[in-house]
Amino acid sequence: MSALDVGAYSPREKGVAGLLGALAAFLLLAVVTGFLAPAYLLYLVGLSAMYMLLSMGLNVQWGYGGMINFSVAAFFGLGAYGTALLTASGSPISGGVSPVIALFGGLGLAAVLAVIIGYPTLKLRDDYLAIASLGLAEVVRIFILNESQWTAGSAGLTGIPLFFSDWPVLGDLTYPYIFYVGGTPLFNMSQSVVTSALNVVLVTAIVAAVYLFLRRIHQSPWGRVLRTIRTDEDLAETLGKNTFAFKMQAFVIGSLIMALAGVFYSHLVLFVSPQDLQPITTFYVWVAVILGGTGSDRGAMLGGFTIVAIQQGTRFLTDTGALPIGAAPLRLMLVGLLIIFIVRLRPEGILPPERELIWPDSLGGGRDE
Amino acid sequence: MAQILQYLANGLVFSSIIILGSIGLSLVYSIADFANFAHGDTMTLGAYGAFVAFGVFGGLGGTVLGLPIGFFLALAVGMALAAVVAVLTHILVYKPLDTDSIGLLITSIGVAFVYRAVLQASFGTDFLQYDIRRSGPIPVLLDTLDVAVTQRDVAIIVSAAVLVAGLHLLLQRTTLGRKMRATADNPDLARVSGIRTDRVILVMWVVGSALAAAGGVFLALYSQLDPRIGFNILLVVFAAVILGGIGSVYGAMLGGLLIGMLHELTPLLGDIGLPISNAYAPAVAFVIMVAVLLVRPRGIAGDMT
């Protein structure tokens, strides 16, 4: 992850990297000593990466373009439902389609919704956009909850296959899978470890690709126009830019990234339900983005990581029974306080965009960021 | 026909609740200038405050419209609690912030979560009920109009009407009300005219939150009480405020009436054969809201204050 390449960076960046490194070391220690199942750790890594994707998607809309999108959960949910409806054995409409093809089903649904939500709302004032997008996201959730002939309703969809289930080699591994190095068996891996590891590989590839793609477009003339729109939309109009078109493009790109996260989620958890579309999902992602730093993709990654830490940390703390408060309210409280304190104390986030906005060449040494 | 009358009667009760909620939201929008996402949870807070107080005063005195006198005392406690919490939130959270209306909007989501977390931690997520016996429909109305309206429904409508009338008198007949209207209209002009706008803003939080709390109490009385009732209804209240015209208190009342009615008239769509079930009532309200934003963002009451 980019948060880890320590070079000539500010003390804060080094601090964040050090903290993440320490946490990684702690988690590895927990696995080695047997406190934490390896498959579970890999699952957590996958989940963090999923939140990173969601945060990067929102970052395109809010961070680059200044659009307050409160319908993150809807795009995430449509990505998840799109692929689940096509692949799951429990799907009421289709099922059995290869996940690689179904992926595009999820993305397609999200793109259509992005245009439907974006077309009327992107012309609105910022705060109206927030209210309207939250309302439309609720319409999507209510639809999925009630049209059970298509979506299985509140029961949710089960029987979703793994992403690699029908791949030539990866689909027909036998378990326990024994990993040989030079003829000697080195690791004896159970099915859960192998599938979790494959998921991590998959999501790492997606995150890396999205990150590079976003960095490229952010630095392009297109990204520059978008940043102008965020700062002063009238100015951009005066310069002859069709601001609505730019905002629409950013909205669709961001929504597709969120849907990608949803597709991955489906094949990670193997179950989706309307619960996943609750507004709280949207606000988790918002916390991730403003905590990491609005407009900063590295910040979005840090934010995604923090969300999983909150979700799992609260579960762990309440499991020990040391707290007089349930996991759900504790999580809600932490998220709420985080929002209040970030806006109060560090409105620019922990890793605000700095070098990200400058071409590497113009930094002098030509060093790649 | 009787069916439509029944929907309208339900709509009147639901409208009363939405109106109480939308007034406060509109006041905050016009005077503090942000979309307050914690408003729904302020309603919930008031409902729980009244729930606890009702446990104390419950048995008190006779009954008015089928509700014990103790209930109205509990209602007052709930309203006072919400007002105190809102003022404290304003002083501790919103006021020290050096940010724009979007920053305030995002902060208010955090505030909403904190309120809800406290309620959820103290009372759990189970449905609660005020311990008041439900009575059947009023016989006269059932016989003559074939409409089922309970005493409780009438009590909600009457109480809301009293509160709204009180607000109207406050706004129109008192100096404080004139100051509030002036501040909502143009805060800078109000300040240079010698109005202490800081105090007016505090009053606005007190009035808005107390009315919201009353709405929350009646909502809990009408259906049931759980930590999500306020947030679940928040978007419907936003729809009412936007339909009425942001910043206009009277517009918010009108918007609340219309949205509440439309919400309860949704089954009519199913009755005439459209595949839209009752569950889509909030969705209908949201779609109307988006349509209003597109066609007439100033709302029906425009800039009237």
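Residues checked against (1) open to solvent by 10 Å² or more (accessible area, probe 1.4 Å); (2) modelled with pLDDT under 90; (3) not aliphatic (A, V, I, L, M):
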{"residue": "A:LEU256", "(1), (2), (3)": "yes, no, no"}
{"residue": "A:ALA259", "(1), (2), (3)": "no, no, no"}
{"residue": "A:GLN278", "(1), (2), (3)": "yes, no, yes"}
{"residue": "A:THR282", "(1), (2), (3)": "no, no, yes"}
{"residue": "A:VAL289", "(1), (2), (3)": "no, no, no"}
{"residue": "A:ALA300", "(1), (2), (3)": "no, yes, no"}
{"residue": "A:PHE316", "(1), (2), (3)": "yes, yes, yes"}
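In the list B:GLY244, B:GLY166, which residue meets the criterion of being among the small types (Gly, Ala, Ser), at pLDDT 90 or above and more than 30 Å from B:THR125 (Cβ to Cβ)?
B:GLY166
Can you find even one residue in the range A:97-110 that is free of Cβ contacts under 8 Å to residues at least 24 places away in the same chain, within 7 Å of chain B (Cβ to nearest Cβ) and outside any helix (DSSP H, G or I)?
Within the range A:97-110, not a single residue is free of Cβ contacts under 8 Å to residues at least 24 places away in the same chain, within 7 Å of chain B (Cβ to nearest Cβ) and outside any helix (DSSP H, G or I).
In the set B:ILE4, B:ILE23, B:ILE18, which member is open to solvent by 10 Å² or more (accessible area, probe 1.4 Å) and in a helix (DSSP H, G or I)?
B:ILE4
Restricting to the range A:41-70, what's the tally of residues that are touching a Leu at 6+ places or on another chain (Cβ under 8 Å) and either within 14 Å of chain B (Cβ to nearest Cβ) or of a type in the set (Gly, Ala, Ser) (or both)?
7
Could you tell me which numbered condition B:ASP146 fails, if it satisfies all but one of (1) in contact (Cβ under 8 Å) with a residue 12 or more places away in the chain; (2) at negative phi?
(2)
Given A:ALA73, A:ALA80, which one is touching a helix residue (DSSP H, G or I) at 6+ places or on another chain (Cβ under 6 Å), more than 14 Å from every other protein chain (Cβ to nearest Cβ), within 23 Å of A:VAL285 (Cβ to Cβ) and buried (at least 23 other Cβ atoms within 10 Å of the Cβ)?
None of the other options fit; the residue is A:ALA80.
Sort out which residues of the range B:92-121 are open to solvent by 50 Å² or more (accessible area, probe 1.4 Å) and either touching a Ser or Thr at 6+ places or on another chain (Cβ under 8 Å) or more than 22 Å from A:PRO279 (Cβ to Cβ) (or both), and write them in order of number.
B:LEU92, B:LYS95, B:PRO96, B:ASP98, B:THR99, B:ASP100
Please give the helices (runs of 4 or more DSSP H) falling wholly within the range B:192-305 in which 3 or more residues are more than 19 Å from A:GLY135 (Cβ to Cβ) and either of a type in the set (Lys, Arg) or open to solvent by less than 10 Å² (accessible area, probe 1.4 Å) (or both).
B:197-222
Take A:ILE325 and decide whether it is within 14 Å of another protein chain (Cβ to nearest Cβ), crowded, with 16+ Cβ neighbours inside 10 Å, closer than 24 Å to B:SER108 by Cβ and in contact (Cβ under 8 Å) with a residue 24 or more places away in the chain.
no
When the range B:9-43 is examined, which residues are found to be closer than 24 Å to B:SER101 by Cα and of a type in the set (Ser, Thr, Tyr)?
B:SER22, B:SER26, B:TYR29, B:SER30, B:THR42
The values are calculated or read from the model by the stated rules, or taken from the named source; none is laboratory data. Owing to the predicted nature of the structure, the values given are computational and were not obtained by experimental measurement. Note: ideal-geometry Cβ built from the backbone for every residue, glycine included; neighbour counts use all protein chains shown. Note: accessible area is taken over every heavy atom of the protein model, side chains too, but ligands, DNA and RNA are not part of it. Shrake-Rupley method; radii C 1.70, N 1.55, O 1.52, S 1.80 Å.
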